[in-house]
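Written below as structure tokens is the structure these notes are about.
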Amino acid sequence: MRKINLIVIHCSATRADRSLTAGDLEQQHRRRGFNGTGYHYYIRKDGTLHLTRLLERVGAHAKGFNAHSIGICYEGGLDCRGRPADIRTPAQRSTLRQLVGQLQERFPGCRVCGHRDLSPDRNGNGEIEPEEWIKQCPCFDVAKEFKDSGAFTAQTEDTEGHRVKQLFKETERR
């Protein structure tokens, strides 16, 4: 297994009034020349979690950071007019929180960030500020949401917890 020290959160840049299946996402990535979906996980609006790339495989989601990272993408990121917005559903928030928590248990010490947080620090002050972002993705403040690394136990229904746990069991068998 490769060394993992970074979890990068992305959005699919899908408008709120549209949907994007895991199959659609894979087609988009293949059209761009990737060998399948570049993210390791994809979270649909209903909270369904898809394993889209085995963790053992290097991702294609954050240039310069792929070798030691895991990419998680959620369906959405744009409002109905196509502007960047945090349109995650409660189910997506819950699944994301559980998944990140489980990944941090499996890969202790991982940093969690948004794709935009990997933009270059153009003014050299040690902080990536909004005016330096190459893109808005994932359209919410990941650092603020995940600032308490011990707070990943979401209060959710057992079915959602089971879905995430089952995914790890299936991944470990491969």
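No lab work stands behind these numbers, since they all come straight from the coordinates. Everything quoted here is computed from the prediction, not taken from an experiment. Please note: Cβ atoms are built from the backbone with ideal geometry, for glycine as well, and neighbour counts cover all protein chains shown.
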Between segment 126-143 and segment 1-32, how far is it from one alpha carbon centroid to the other, in angstrom? 18 Å
Loop only per DSSP, at most 16 neighbouring Cβ atoms within 10 Å: give me the GluC sites (Glu not before Pro) in segment 7-77, ordered by residue number. 56
Counting only DSSP loop positions in segment 32-87, the chymotrypsin sites (Phe, Trp or Tyr not before Pro) whose Cβ has at most 16 other Cβ atoms within 10 Å are 34, 65
I'd like to know which of 80, 137, 110 lies farthest towards the positive end of the charge dipole of segment 75-138, counting +1 on Cβ of Lys and Arg and -1 on Cβ of Asp and Glu. 80
Taking a ≥ b ≥ c as the square roots of the Cα gyration tensor eigenvalues, with a/c under 1.5 meaning rounded and otherwise prolate when a/b beats b/c, else oblate, which class fits segment 38-81? oblate
What is segment 59-107 by shape, rounded, prolate or oblate, if you read a ≥ b ≥ c off the alpha carbon gyration tensor as root eigenvalues and call it rounded for a/c under 1.5, prolate for a/b larger than b/c, and oblate otherwise? oblate
Which shape class applies to segment 1-120: rounded if a/c is under 1.5, otherwise prolate when a/b exceeds b/c and oblate if not, where a ≥ b ≥ c are the square roots of the Cα gyration tensor eigenvalues? prolate
